[in-house]
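To start, the structure under review is shown below, and the notes come after it.
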Amino acid sequence: MEKVIRTRGIYSSFPRKGGAAQTATHYCPGCEHGVLHKLIGEALADMELQDRTVVISPVGCAVFAYYYFDTGNVQVAHGRAAAVGTGISRTKNDAVVVSYQGDGDLASIGLNETLQAANRGEKIAVFFVNNTVYGMTGGQMAPTTLTGEKTVTSPAGRDPLQAGYPLHMTELINQLQAPVYIARVSFSNMAKLRQARKAIRTALEIQRDGKGYAFVEVLMACPTNQKMNVEEAIQFVAEQMEAEFPLGVLRDCTAERDPIVRTESDYRKETLDHLLGLDTERAPDAVLDSTAPTVSVKMAGFGGQGVLSMGVILTRAACQAGKFVSWYPSYGPEQRGGTANCGVVMSGQPIGTPMVSAADVLVAMNRPSLDKFAGEVKPGGLLLYNAAMGEVEVPEGVRVLAVPALELATKGGSPRAENTVMVGVMSVLGGFELIESAYHEAIAANFAGKDAAIKANSAVFDMARQWALDQSE
Amino acid sequence: MATQLVKGNTAVIIGALYAGCDSFFGYPITPASEILHEAAQKFPQAGRCMVQAESEEAAINMVFGAATTGRRAMTASSGPGISLKSEGISYLAGAQLPAVVVDIMRAGPGLGNIGPEQGDYNQVVKGGGHGNYRNIVLAPASVQEMCDLTMRAFELSQKWRMVAVVLADGVLGQMIEPLRFPEQSVAPETDTSWAVDGTAATRPNVVTSIFLDFDQQEAFNNQLQEKYAAVEAAEQDVECIRMEDADIALVAYGISARIAQGAVEAARAEGIRAGLFRPKTLFPFPKDALNAFVDQGGKQVICVEMSNGQMCDDVKLAIECRCPVHLVNRLGGNLVTEGAVLTALRETAKQI
Ligand SMILES: Cc1ncc(C[n+]2csc(CCOP(=O)(O)OP(=O)(O)O)c2C)c(N)n1
């Protein structure tokens with residue numbers, strides 16, 4: 001009768017593996033993945049962490065680690081374990097996240113994720129199997145392949161001129177500030193095995209206590225791909241690998257670190273309403289009104305002239321007055337060129353396109369804007385331009401008015417509020433049919449919390465409005 | 001009722017918060033960045049998790065991790081980033097994990113530009129990554145729907161254990177409109193039947209996308225196809241405007257639909273019987289309603305989209321080319337104009 005010795009933390013048989021031999025692992029004879037599994041499993045069991053643990057199986061020979069670990073398990077894409085671990089740990093504060101990865105997975109395709117998670121100090125215990133080759137795919141060169149080592153993709157031996165030098169992950173991680181614990185271990189003799197066991201336990205204790213990132217590199221050979229027997233494999237680790245990759249604990253600042261605690265989600269509607277400002281900022285809903293005009297306004301000028309916020313104030317006013325309204329800006333490089341524009345459409349009906357290609361009203365704050373958009377004003381439409389431009393050529397069939405924006409703004413006590421001047425003028429001449437109080441509410445909402453700005457802009461608005469009324473008489 | 005003026009990208013985050021999304025993982029890209037900015041500001045205030053990832057690949061895999069724990073997770077990006085996320089989306093599909101991805105489309109291929117386009121349709125609606133999978137795809141056409149359909153995306157992705165994508169464009173992301181806020185907030189619960197969240201209840205579970213045995217992989221694939229068929233039967237959604245007596249249907253989603261709607265009104269004023277057929281779900285495509293249009297004597301279809309006819313192909317498939325299907329499109333960051341749609345309507349009306 002077959003006698004099964006149960007390893008703590010490891011399932012007693014492996015039904016996920018399928019097939020007949022349900023107590024044998026899928027690893028090759030002589031491979032030390034089994035030893036590492038056992039050390040991790042026992043440590044998790046001894047520390048009573050199995051319920052809290054999620055083991056991440058990588059892509060590589062350990063892809064089926066979930067056959068074995070008696071914990072929660074997840075299998076992930078090649079190289080992405082550190083990112084997945086981040087997602088788990090960030091959303092489940094108490095989870096003990098264990099990432100188990102090979103050198104292709106961790107140091108090649110996943111190098112970015114590896115370093116960034118380490119640098120953020122994620123609460124993950126990383127067990128990094130450095131066997132100097134890609135085991136699962138047939139022994140190709142890995143970032144950790146030794147100089148001169150022959151693999152199927154470095155048949156003449158790794159040539160540093162072609163393929164660079166063996167990557168020292170442990171030392172690389174040691175450049176970062178956040179990690180709590182960093183060590184390199186091997187199983188090449190009993191004393192080293194004991195040190196390895198201790199390092200593994202420390203890495204898991206750090207997770208138990210929620211202190212952050214722990215990295216343990218484990219040197220192993222790959223007898224199958226390196227065509228070695230067990231003794232040769234151990235010798236390869238002890239003599240060649242350890243010469244290139246020195247063993248030791250490079251960092252242990254467990255004692256100095258406090259637990260990292262992630263917040264719990266607050267789902268309450270009151271919380272959300274409050275943080276989104278619904279307590280203070282509420283607009284009325286739009287009212288269907290087929291008699292209300294649909295007006296399209298385009299506003300354009302230099303970046304600093306406030307044309308985008310001119311549009312927003314107008315949009316707010318329309319909203320306060322119960323109109324359907326939309327605002328659409330130019331964005332990105334267009335803005336970087338120094339000019340900006342936006343379009344506002346308001347109506348008593350739901351708005352179709354928010355883009356303004358034919359404008360009922362155009363506000364041009366500088367000459368390039370006037371040149372660019374003057375042709376887009378509808379026949380009979382209104383063109384307001386900044387009087388500071390001086391003489392301009394205007395299209396035929398449109399109403400044109402030069403607005404002394406700076407002068408009016410200055411007179412109102414706020415020289416920078418040229419955009420508010422334009423809103424004031426539009427409120428009279430734009431044909432929007434909005435009640436006057438809506439504009440004041442819009443200004444108040446736009447500068448919420450800044451009483452001086454509200455006062456100044458309201459004064460400028462009134463001044464501009466009066467000016468426009470005088471013009472229309 | 002609570003209404004505020006809100007930017008489309010902001011509305012996504014408002015929807016996500018009320019939908020009980022626990023975590024946001026993102027990487028900056030115009031024109032989707034404001035979603036990341038808003039998440040960075042608002043998520044921590046509600047105790048939710050937000051991480052600026054090192055790349056879109058990392059972001060989608062963080063989503064994978066958060067989804068593994070049964071929590072609601074999302075990411076947002078634009079075309080170049082969605083390409084990078086495709087690997088992770090395939091893995092999410094293979095592991096049947098729910099997650100929400102928002103794509104604020106910009107012009108491509110390659111780096112393209114940041115202007116609005118709808119060229120990610122095939123990538124997102126057909127799956128995008130490797131393998132026989134689909135995503136649920138929702139297509140908002142207003143700031144209101146940027147919020148509402150983000151909430152719906154969480155609901156559907158949870159219900160079907162699928163990735164749900166909110167497919168919008170640069171215009172919808174950047175524009176401001178009044179938003180009626182959600183009237184309820186969701187406090188989701190972890191489904192311990194499949195999640196792995198570091199608790200005793202979920203310790204026996206495994207989240208994986210591997211089936212070594214060919215027959216098992218086939219059976220799993222067939223099971224996925226059955227699920228997708230059930231989604232097609234249950235979740236088709238469309239808004240029809242003046243379609244009851246329409247001879248010509250304008251089929252358009254997102255911002256293109258808003259433009260097409262203007263053309264419908266103009267055409268009606270000229271006596272052309274046009275209607276707007278606006279899919280709100282792109283997968284499942286609202287085939288049944290479009291077939292009903294053809295069955296009831298609909299004569300012509302004009303697709304309006306900012307792509308090289310990617311949705312137009314699905315329209316032809318949906319109605320098996322039972323009536324002529326035309327395309328009015330613009331590319332490169334340009335919008336189709338109402339005038340161009342109206343011209344096409346006039347031309348098409350002559351053929352009836
Ligand atoms: C994106 C992607 N590229 C390539 C592969 C193929 N692949 C599977 S395992 C592996 C190598 C893993 O090597 P390593 O991380 O060193 O682990 P080992 O097999 O040695 O344990 C590769 C390249 C894959 N699964 N996914």
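Evaluated against (1) buried (at least 22 other Cβ atoms within 10 Å of the Cβ); (2) touching a helix residue (DSSP H, G or I) at 6+ places or on another chain (Cβ under 6 Å), A:His78 falls short on exactly one condition, (1).
Of everything in region A:138-189 that is within 16 Å of the ligand (Cβ to nearest atom) and loosely packed, with under 14 Cβ neighbours inside 10 Å, the residue that is nearest to A:Cys31 (Cα to Cα) is A:Gly138.
With the requirement that a residue be closer than 20 Å to A:Pro166 by Cβ and either within 14 Å of chain B (Cβ to nearest Cβ) or open to solvent by 50 Å² or more (accessible area, probe 1.4 Å) (or both), what does region A:228-274 give you?
Taking region A:228-274 as the starting set, the residues that turn out to be closer than 20 Å to A:Pro166 by Cβ are A:228, A:232-248, A:250.
Of everything in region A:228-274, those that are closer than 20 Å to A:Pro166 by Cβ and either within 14 Å of chain B (Cβ to nearest Cβ) or open to solvent by 50 Å² or more (accessible area, probe 1.4 Å) (or both) turn out to be A:Glu232, A:Ile234, A:Gln235, A:Glu239, A:Gln240, A:Ala243, A:Glu244, A:Pro246, A:Leu247, A:Leu250.
Taken over region B:158-178, residues that are more than 12 Å from the chain's Cα centre (by Cα) and either free of Cβ contacts under 8 Å to residues at least 40 places away in the same chain or away from chain A (no Cβ under 13 Å) (or both) amount to 5.
Within region A:112-127, take every residue that is surrounded by fewer than 24 Cβ atoms within 10 Å (Cβ to Cβ) and in contact (Cβ under 8 Å) with a residue 12 or more places away in the chain and give me the one that is nearest to the ligand (Cβ to nearest atom). Before the answer, list the steps.
From region A:112-127, those surrounded by fewer than 24 Cβ atoms within 10 Å (Cβ to Cβ) are A:112, A:115-116, A:119-121; that's our starting set.
Keeping just the survivors that are in contact (Cβ under 8 Å) with a residue 12 or more places away in the chain gives A:115-116, A:119-121.
Numbers: A:Leu115: 16, A:Gln116: 18, A:Asn119: 21, A:Arg120: 22, A:Gly121: 24 Å.
Only one residue fits best here, namely A:Leu115.
Which one of the conditions (1) within 16 Å of the ligand (Cβ to nearest atom); (2) more than 14 Å from chain B (Cβ to nearest Cβ) does A:Ser57 fail to meet, given that it meets all the rest? For A:Ser57, the exception is condition (2).
Within the set A:Leu115, A:Leu146, A:Leu111, A:Leu106, the sole residue that is under 23 Å from A:Ala196 (Cβ atoms) and out of contact with any strand residue (DSSP E or B) (no Cβ under 8 Å at 6 or more places or on another chain) turns out to be A:Leu146.
Given the structure, is A:Cys319 in contact with a helix residue (DSSP H, G or I) (Cβ under 6 Å, 6 or more places away or on another chain), facing chain B (nearest Cβ under 10 Å) and closer than 28 Å to B:Arg278 by Cβ?
Values: in contact with a helix residue (DSSP H, G or I) (Cβ under 6 Å, 6 or more places away or on another chain): no; facing chain B (nearest Cβ under 10 Å): yes; closer than 28 Å to B:Arg278 by Cβ: yes.
The answer is no for A:Cys319.
Answer with yes or no whether A:Glu205 is more than 38 Å from the chain's Cα centre (by Cα), assigned by TED's automatic domain parsing to the domain that holds A:Val129 and either in contact (Cβ under 8 Å) with a residue 60 or more places away in the chain or open to solvent by 10 Å² or more (accessible area, probe 1.4 Å) (or both). So A:Glu205 fails the test.
In region B:263-274, of all residues being surrounded by fewer than 23 Cβ atoms within 10 Å (Cβ to Cβ) and in contact with a helix residue (DSSP H, G or I) (Cβ under 7 Å, 6 or more places away or on another chain), the one that is nearest to B:Ala139 (Cα to Cα) corresponds to B:Ala266.
Inspect all residues belonging to region B:59-68 and state whether any of them is touching a residue at least 24 places away in the same chain (Cβ under 8 Å) and within 17 Å of the chain's Cα centre (by Cα). I'd like the intermediate steps shown before the answer.
So in region B:59-68, the residues touching a residue at least 24 places away in the same chain (Cβ under 8 Å) come out as B:59-64, B:66-68.
Still in the list and also within 17 Å of the chain's Cα centre (by Cα): B:60.
Yes: one or more hits.
Taken together, the residues in region B:195-234 that are of a type in the set (Asp, Glu) and either facing chain A (nearest Cβ under 10 Å) or farther than 18 Å from B:Ala164 by Cα (or both) amount to 4. Highlighted here are the strands (runs of 3 or more DSSP E) found entirely within region B:1-70 that include at least 3 residues which are closer than 30 Å to B:Gly115 by Cβ and at the interface with another protein chain (Cβ under 8 Å from one of its Cβ atoms): B:3-7.
Pairs meeting the criteria (first residue in region B:7-28 and open to solvent by 10 Å² or more (accessible area, probe 1.4 Å), second residue part of a strand (DSSP E or B) and among the β-branched types (Val, Ile, Thr), beta carbons under 8 Å, at least 6 apart or on different chains) are B:Lys7/B:Ile176.
Kindly check whether there is at least one residue in region B:210-219 that is acidic (Asp, Glu) and modelled with pLDDT under 95. So far as region B:210-219 goes, yes, one or more of its residues are acidic (Asp, Glu) and modelled with pLDDT under 95.
Of the helices (runs of 4 or more DSSP H) entirely within region A:284-397, those holding at least 2 residues that are of a type in the set (Lys, Arg) and open to solvent by 50 Å² or more (accessible area, probe 1.4 Å) occupy A:367-373.
Of the residues B:Ile89, B:Ile104, B:Ile82, the single one that is more than 11 Å from chain A (Cβ to nearest Cβ) and part of a helix (DSSP H, G or I) is B:Ile82. Taking the criterion of being in a loop (DSSP other than H, G, I, E, B) and under 20 Å from the mean Cα position of the chain (by Cα), the only residue of region B:179-204 that qualifies is B:Pro182.
Exactly one residue among A:Ala43, A:Ala21 is open to solvent by 30 Å² or more (accessible area, probe 1.4 Å), out of contact with any Ser or Thr (no Cβ under 7 Å at 6 or more places or on another chain) and either away from chain B (no Cβ under 14 Å) or free of Cβ contacts under 8 Å to residues at least 12 places away in the same chain (or both), and that residue is A:Ala21. Scanning region B:168-207 for residues that are farther than 30 Å from A:Ala318 by Cα, open to solvent by less than 30 Å² (accessible area, probe 1.4 Å) and of a type in the set (Val, Ile, Thr) yields B:Val196, B:Thr202, B:Val207.
The values are calculated or read from the model by the stated rules, or taken from the named source; none is laboratory data. This one's a predicted model, so the numbers in the text were calculated from it and none came from an experiment. In this analysis, Cβ positions are derived from the backbone assuming ideal geometry, glycine residues included, and neighbour counts consider all displayed protein chains. The accessibility values were calculated without ligands, DNA or RNA, using every heavy atom of the protein model including side chains. Shrake-Rupley method; radii C 1.70, N 1.55, O 1.52, S 1.80 Å.
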